[in-house]
Structure formats: C-alpha cells, structure tokens
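Colleague: Got a structure for you, questions after.
The values are calculated or read from the model by the stated rules, or taken from the named source; none is laboratory data. Just so we're clear, the structure is a prediction, and the values are computed from it rather than from any experiment. Cβ placement follows ideal geometry from the backbone for every residue including glycine, while neighbour counts extend to all protein chains displayed. The accessibility values were calculated without ligands, DNA or RNA, using every heavy atom of the protein model including side chains. Shrake-Rupley method; radii C 1.70, N 1.55, O 1.52, S 1.80 Å.
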Amino acid sequence: MSVNFMRNKILVTGGAGYIGSHTCIALHEAGYDMVVYDNLSNSSREAINRVSTLIGQNIEFVEGDIRDIEALRQVFSSHQFFGVIHFAGLKAVGESVAKPLLYYNNNVIGTIDLLEVMAEYDVKNLVFSSSATVYGDPENLPIDENSPRSCTNPYGQSKLTVEHILEDLVTSDSSWNLIPLRYFNPVGAHSSGQIGEDPNDIPNNLMPYISQVAVGKLEKLSIFGNDYPTIDGTGVRDFIHVTDLAQGHVSALNYLERRTSSTNPSDMKKSVGFLPINLGTGKGTSVLELVNAFTEVTGRDIPYQFTDRRAGDIASCYASADKAKVLLGWQAKLSVNDMCKDTWYWQSMNPSGYKVS
Ligand code: NAD
Ligand code: UD1
C-alpha cells in the first residue's frame, strides 16, 4: 500500500515480536513513521527484514533493552516521538512461575525505566500491551473493563503491576495519556504468509500447537480438560486475529491524537488519563471448535487426546468489545476460519519459523 502522507512518529518497543511486527505494518499503512526498539530476546532480525520488504521501506531498528536507560535516551534524543507502543516484555506463564525475578525485572522494572525516559523527553502518550489475564477467573461474562482484576502467576502479576503503576502515574500528573490494551487470545498471521508467531521450543499456546501438529512437527495435541462447564466441556476463549489486533493499536493512537493534538477548541482537548480497553471479538470459541475449524479450513487432520486440566486455566473467557467500538471505532473483522487459514499459510510456508529449515 503506498502512503503519500506522514503522520506522527512512534517508538515501538518489542516491535520485532509477534504482535509488534504485525502492528508495524498496520502503522505504516496508516501513515505513521516508526522506530522499532527490541533486544531480540524472543524474536529475530528476520522479522524486521520481512516487514521492511512487505512495506517497501526499511524500518529503523535499534537493538536494545528497555532497561538500558542510556540507550533509550539516545533514541529519544534523536527522534521527536508522538508516543510509544510498548510491546516489549516476556510472556510465558510457566516460565514466569519458574523465574519470577526475571519476569518482574523485565516487565515491571523495564516499563518503569521506559516511563522515566519518556518523562524526561516529555513524551506522555503510551499504548501498553496488557492482557485479559489481569481479569483472573472472571465473575461475569462477557468481561468488561470494570471487572475486578486479580492474577495468580508472576506473568499476570507483572501486567497488573504495570497497570497499577500507570494509574498512579496519571494520579500524580494528569498530562499522561495511557491506554493499556487488554488482549484476549491473539492468533493468526499476516495474510502474505511472511510473518507470524514463531515460538521457541514447544509452544505453550493452543493455536501454534495445533499448527505444529498440522505441519508434522508435533505428533498430537493434548486438550487440557473436557469437563469444564462449557458447550463441549473444553475451555472457551476469545481468539482474535493478530491483524485485527494490530489495527486496534492504530485506532488507539488515532484516539490519542484526536484527544491530545486537536487545535479545534470544540474538540475534547483534555488528557486521556488511564484508559484500559479490551481487544477481543466478543465471541467465545471452544478448544474443540477451534480444532474442528482448523481441520475444516486446511484439510489437515489434528490428532488429539483429552488430558487433565492445566493448572491455572479457567473455563471461559471472552470480552465485551463495546468500549473499543464506542471510543476507538474499532471492532474485529476477521473470523475464526480466517485465523486458521492464515496461521496455516504462515506455518506451511515457514515450517521452522524464521529459522532456515
Ligand atoms: P513476543 O515475545 O513475540 O514479542 C515481545 C518482544 O519484546 C520480543 O521481540 C522480545 O525480543 C522483546 N523484548 C522482551 N523483553 C525486552 C526488553 N527487556 N527490551 C527490549 N525488548 C524486549 O510477544 P508478543 O506475543 O508479540 O506479545 C507482545 C506483548 O503483548 C507482550 O508484552 C505480551 O506480554 C503481551 N501479550 C501477548 C499476548 C499473546 O498471546 N501473544 C496476550 C496478551 C498480552
Ligand atoms: C495463556 C496464558 C495467559 C496469556 C495467554 C497469551 C495460561 C494459564 N494463561 O492464556 O496468561 O495471557 O496465554 O499468551 O497459561 N490448550 C490445550 N492444549 C494446549 C494448549 C492450550 O488444550 O496444548 C487449551 C487451554 O487449556 C485453554 C485454551 O487451549 O483452554 C487456550 O490456551 P492458550 O492458548 O494457552 O491461552 P490461555 O490459556 O487462554
């Protein structure tokens, strides 16, 4: 897509990762300029190369850690950013239980370091990658943004702690504009098949596990529990296509721009404060329904067995997506079949992810 106008410049931390790389494409298509800052701890330079090829332009990439304050200062002093989309973080729940200090250090201290440098350079617009995990085991479905928050593992706690820090920051200084986006279950890949999710080792999450079974890298799927109080006994989640999710970030930035940069006195020119928003489809899909949809769309058989429930899993989790629709004018467009089709296209074109097979 050709872009003949340039909008504000955005710093994208963690932009080489799964959601970040898709968001870079959406940002470019919306006319934003960007700098990606990533320590490549869970991603590869190849993702950035492929995004650059897809958008027909080299992305400015800085290899660095968000806890390296001097490196961050250098980036902020050489660019005038409108805001930051902050994806950088570690995300494996099991690993966070084994290595809590690593998770709090990376996700919480790293975010504090980033916020301090943002304050130094007076960049006060932030879109933060939060998670539906902050809702814990929800009392009511669909889950809206006012639902109680609680977490049982260090990964979830790190997201919730950052949310609390952001709330305190706004209380201390109302010129901050902070939007935590609470993602439900991101899946799928770019329709080109060039970028997608590339887990290290054996995947923890359902969709990459299914696709690795489909491509023959794993023998069979274990479905964790078939005795939940759901439509077919298996867990229910709100799967959302990563392309829709990426677009949600653009909509959040547009909202921040409208609210903070308007020169029209009749516009609401006031700070956004702390504004959490769910990014989900609003629809629940069970594990078995997803497996069946994958088979139907791709023609690949997915052998599976039922095993015990996974510790810490909940029965059902899906979003109320009304706030995103009303405030951001955003809603998910792509279906579960699209999610399966695009996951499979990426997986079959790149059986070893970004690594050379
Ligand atoms: P990802 O691991 O693919 O991307 C995260 C990126 O951050 C990686 O490129 C990694 O190298 C980088 N990174 C990590 N620590 C860093 C640091 N200290 N300094 C600089 N870069 C660092 O993960 P993703 O799936 O794209 O997730 C992006 C964000 O969204 C994460 O914060 C994650 O917790 C959150 N999130 C993800 C999901 C999901 O299911 N994928 C759900 C909810 C929330
Ligand atoms: C998990 C994390 C959550 C995190 C999210 C995105 C846990 C308990 N929760 O969410 O904190 O924000 O990933 O990274 O880890 N399933 C199987 N077999 C598998 C894998 C999963 O049956 O091999 C089932 C699970 O039991 C669940 C559903 O599939 O019912 C979705 O699991 P998953 O993709 O791991 O996401 P969540 O558990 O929702």
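Colleague: How high is the relative contact order of segment 9-349, in percent, with contacts defined as C-alpha pairs under 8 Å that are six or more residues apart?
Modeller: Relative contact order, segment 9-349: 19 percent.
Colleague: Let me ask something else about it. Classify segment 310-357: rounded, prolate or oblate, from the alpha-carbon gyration tensor (a ≥ b ≥ c, eigenvalue square roots; a/c under 1.5 rounded; otherwise prolate if a/b is larger than b/c)?
Modeller: oblate
Colleague: Here is a further query. Taking 0.36 nm per residue of sequence separation and subtracting the Cα-Cα distance, how much length would be gained by fully extending the chain between SER150 and GLU116, in nm to one decimal?
Modeller: 9.6 nm
Colleague: Sticking with this one: As a check on your grasp of the helix formula, calculate [θ] at 222 nm for the chain: sum -39500 (n - 2.57) over DSSP H runs of n ≥ 4, divide by the residue count, round to the nearest 500.
Modeller: -11000 deg cm²/dmol
Colleague: Which of the three applies to segment 39-84, rounded, prolate or oblate, going by the alpha-carbon gyration tensor with a ≥ b ≥ c and a/c under 1.5 meaning rounded?
Modeller: oblate
Colleague: When all protein chains stay in place, what accessible area (Å², nearest 10, 1.4 Å probe) is found for LYS355?
Modeller: Roll a 1.4 Å probe over it and LYS355 shows about 120 Å².
Colleague: With a ≥ b ≥ c the root eigenvalues of the C-alpha gyration tensor of the chain, is it rounded (a/c under 1.5), prolate (a/b larger than b/c) or oblate?
Modeller: It is prolate, given that a/c is not under 1.5 and a/b is the larger ratio.
Colleague: Arranged from highest to lowest average of other beta-carbon atoms within 10 Å per residue, in what order do the peptides 134-145, 237-248 appear?
Modeller: Put in order of decreasing packing, that is 237-248, 134-145.
Colleague: I've got another one for you. Any idea what angle helix 336-349 forms with the longest principal axis of the chain, computed on alpha-carbon atoms, 0 to 90 degrees, nearest 10?
Modeller: Taking the Cα atoms of the chain, the angle to 336-349 is about 90 degrees.
Colleague: Hey, can you rank 56-64, 7-15, 24-32 by average C-beta count inside 10 Å, highest first?
Modeller: Answer by packing, highest mean first, reads 7-15, 24-32, 56-64.
Colleague: Ok, one more. Holding the Cα-Cα limit at 29 Å, pick out from LYS99/LYS323; LYS217/LYS341; LYS283/LYS341; LYS220/LYS341; LYS220/LYS333 the pairs that are longer than that.
Modeller: LYS99/LYS323; LYS220/LYS333
Colleague: Hey, another quick one. Taking a spot 7 Å from the Cα of LYS355 along the direction of its beta carbon, which residues of segment 207-234 have an amide N less than 19 Å from it?
Modeller: Output list for this probe position: 208-220.
Colleague: If each of GLU70 and ILE202 carries a label point 7 Å out from its Cα toward its Cβ, how far apart are those two points in nm?
Modeller: It is 4.3 nm.
Colleague: Using Cα atoms only, what is the angle between the long axis of helix 242-261 and the major principal axis of the chain, expressed in degrees (0 to 90) to the nearest 10?
Modeller: For 242-261 against the chain, the angle is about 20 degrees.
Colleague: What's the extension gain from ILE109 to SER191 if we count 0.36 nm per residue and subtract their Cα-Cα distance?
Modeller: Working it through step by step, the gained length comes to 26.0 nm.
Colleague: Working from Cα positions, state the angle (0 to 90°, nearest 10) between the long axis of helix 154-172 and the longest principal axis of the chain.
Modeller: The angle comes out near 20 degrees.
Colleague: To the nearest Å, what is the center-to-center distance of segment 30-60 and segment 182-228, using C-alpha atoms only?
Modeller: 23
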